[in-house]
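A.B. asks: Here's a structure for you.
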Amino acid sequence: MQRILVLGGGFAGLWSAIGAARKLDELGIGPDRVEVTLVSASPWHSIRVRNYEAELDGTRLPLDGVLGPIGVRRVEAAVTGIDFQRRQVACAGLSDALPYDRLVFALGSQLARPPIPGLAEHAFDVDTYDAAQRLNRHIAGLPQRKPSPGRNTVLVIGGGLTGIEAATEMPVKLRAALGEGASWKVILADHKQWIGSDMGDEARPVIAEAMRALGIEGRPGVSITAVDATGVTLASGERIPAETVVWCAGMQANPLTKLFPVERDRFGRLPVAPDLKVLGMAAEFAAGDVAWFAVDGHKSCVMSCQHGRPMGRYAGHNVVADLFGEPMLPLNIDWYVTVLDLGAWGALYTTGWDRNVRTTGAAAKLTKQTINHQRIYPPLNGSRDDLLAAAAPTVQAPPAVRS
Ligand SMILES: Cc1cc2nc3c(=O)[nH]c(=O)nc-3n(C[C@H](O)[C@H](O)[C@H](O)COP(=O)(O)OP(=O)(O)OC[C@H]3O[C@@H](n4cnc5c(N)ncnc54)[C@H](O)[C@@H]3O)c2cc1C
């Protein structure tokens with residue numbers, strides 16, 4: 001019996017497991033010869049990109065609903081170590097290590113939390129489903145709190161994509177909690193010179209227009225030095241009263257990437273070849289936010305489900321191909337898009353690494369909704385054939401431009 005072990009049940013891990021099952025099926029190899037096991041600390045597949053939304057129902061799918069029909073075993077445990085010599089993985093609470101012949105490492109990323117006093121205790125975030133639920137419950141509970149200067153103020157820190165989505169969705173949440181006509185404030189702060197500085201000159205004015213229309217105040221060029229229960233202190237000494245502080249500043253690859261004897265990039269990611277095998281390793285592949293390579297031969301892949309899902313499909317295909325001496329397929333994605341939610345104002349759809357604006361407002365929102373509710377979900381009808389077909393190692397076309 002040979003063993004394929006996939007670590008992680010996010011976009012990269014889930015699609016790696018389905019991709020491996022698909023390739024085994026294609027080769028006519030049954031579970032008596034190769035066992036595929038997915039290890040995740042959570043029994044859920046989280047549609048993590050939706051964690052900024054007001055409504056989180058349907059953003060977590062039981063992994064078993066997908067893995068069951070394709071015969072992938074699931075182990076619920078937190079990975080703690082990897083012995084690359086013996087080819088086995090240690091997990092908290094499991095007395096026996098899990099052996100592997102081929103490994104896909106897909107343990108994702110975490111919000112970077114610098115040691116700012118009070119940040120860990122007082123700030124909310126939208127990094128995980130649980131954190132997003134906690135934030136939404138807190139917002140819904142604002143009317144029960146004592147009136148204070150910062151009670152109805154939400155300060156989102158981090159003017160990148162996640163911070164912009166978290167801030168622009170906030171008016172919807174505040175109106176629902178406080179009632180129409182109640183006064184509230186949403187501030188989006190960043191230490192950089194611009195909100196959405198990575199979005200480029202063409203897209204930034206669209207973000208600014210949406211923020212103006214939604215009544216969101218931008219505070220670029222500020223640096224937070226302390227957070228407490230009633231607000232934040234800036235490096236200038238200024239106080240911003242805000243009983244809701246949402247930290248959205250940066251992602252780091254899972255710290256378990258440190259286990260690998262390779263040089264990681266500044267995000268802590270492992271270098272992989274286009275076939276997703278970790279450079280210099282014999283049996284270990286990596287996919288999703290833990291891995292980087294030049295996705296079109298030039299540009300590094302981005303920590304995103306846009307890249308994590310195809311990386312997973314190819315990693316799954318390639319672990320099986322590698323195990324059976326079949327040719328591995330290189331992943332090459334020659335397009336890049338950004339579809340940014342801008343709350344009730346709509347959305348912004350850009351194409352290319354320079355982020356040229358294609359559609360805005362309601363038209364872009366239709367694209368965003370199709371992505372968030374359909375495109376990134378696995379088939380949910382329990383059909384083995386549909387699941388295996390969806391994991392084919394091909395690159396999807398970009399999301400349709402809607403009008
Ligand atoms: C609010 C928000 C909005 C986003 N918007 C977009 C967007 O619009 N477009 C886009 O492309 N990307 C977006 N992203 C980024 C995207 O969500 C990530 O890039 C994507 O989730 C990465 O997939 P992954 O499988 O590599 O990792 P993850 O989704 O992080 O999955 C990691 C998996 O590993 C498991 N795990 C972690 N540690 C352990 C351990 N020690 N032991 C066992 N299991 C473990 C976790 O439970 C999880 O199943 C957004 C992210 C956030 C937070």
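A.B. asks: Using 1/(1 + (r/R0)^6) with R0 = 45 angstrom and r between the beta carbons of D385 and A229, what's the FRET efficiency to the nearest 0.05?
C.D. replies: 0.25
A.B. asks: So for S40, S223, fewest C-beta neighbours within 10 Å to most, what's the order?
C.D. replies: S223, S40
A.B. asks: Which ³J(HN,Hα) values in Hz, rounded to whole numbers, follow from the phi angles of the range 273-280 under the Karplus curve 6.51 cos²θ - 1.76 cosθ + 1.60, where θ = phi - 60° and Gly and Pro get x?
C.D. replies: 3J(HN,Hα) across the range 273-280, in whole Hz: 7, x, 8, 6, 7, 5, 4, x.
A.B. asks: Relative contact order for the range 275-403: what percent, with Cα pairs under 8 Å and sequence separation of 6 or more?
C.D. replies: 19 percent
A.B. asks: For the chain, report the % of Cα-Cα distances exceeding 36 Å.
C.D. replies: The proportion of pairs with Cα distances above 36 Å equals 27 percent.
A.B. asks: Stokes-Einstein diffusion coefficient for the range 117-195 at 4 °C in a medium of 1.567 mPa s, Rh from the Kirkwood formula over Cα pairs: what value in µm²/s?
C.D. replies: Result for D is 97 µm²/s.
A.B. asks: Moving on. Send over the per residue convex hull volume for the range 249-361, Cα only, as a whole number of Å³.
C.D. replies: That works out to 121 Å³ per residue.
A.B. asks: On the Cα set of the range 354-403, report Rg and Dmax in Å, please.
C.D. replies: 13.8, 40
A.B. asks: Less than 12 Å Cβ to Cβ from V36, Lys/Arg counted +1 and Asp/Glu -1: what total charge do the surrounding residues give?
C.D. replies: Computed value for this residue: +4.
A.B. asks: Quick one: Cα centre-to-centre distance for the range 311-364 and the range 5-41, in angstrom?
C.D. replies: When both Cα centres are located, 22 Å separates them.
A.B. asks: Something else: Using alpha carbon centroids, what distance separates the range 65-141 and the range 247-276, in Å?
C.D. replies: Taking the Cα centre of the range 247-276 as reference, the centre of the range 65-141 is 15 Å away.
A.B. asks: Which whole-number percent is the relative contact order of the chain (Cα, under 8 Å, 6+ apart)?
C.D. replies: About 20 percent, as a whole number.
A.B. asks: Let me ask something else about it. If neighbour count is taken as other Cβ atoms inside 10 Å, put C301, C91 in order from fewest to most.
C.D. replies: The order, fewest Cβ neighbours first, is C91, C301.
A.B. asks: Taking the chain as a Gaussian network, where each spring joins two C-alpha atoms under 10 Å apart, which residue of N381, N356, N152 fluctuates the most?
C.D. replies: Residue with maximal mean-square fluctuation among N381, N356, N152: N381.
A.B. asks: Suppose a student asked you for the relative contact order of the range 35-176, using Cα pairs under 8 Å spaced at least 6 residues apart; what percent would you report?
C.D. replies: Reported relative contact order: 22 percent.
Taken together, the values in this text are just the output of simple stated rules run on the coordinates, not laboratory data. For clarity, every value in this text was computed on a predicted model and none was experimentally measured. Every residue, glycine among them, receives a Cβ derived from its backbone with ideal geometry; neighbour counts consider all protein chains shown.
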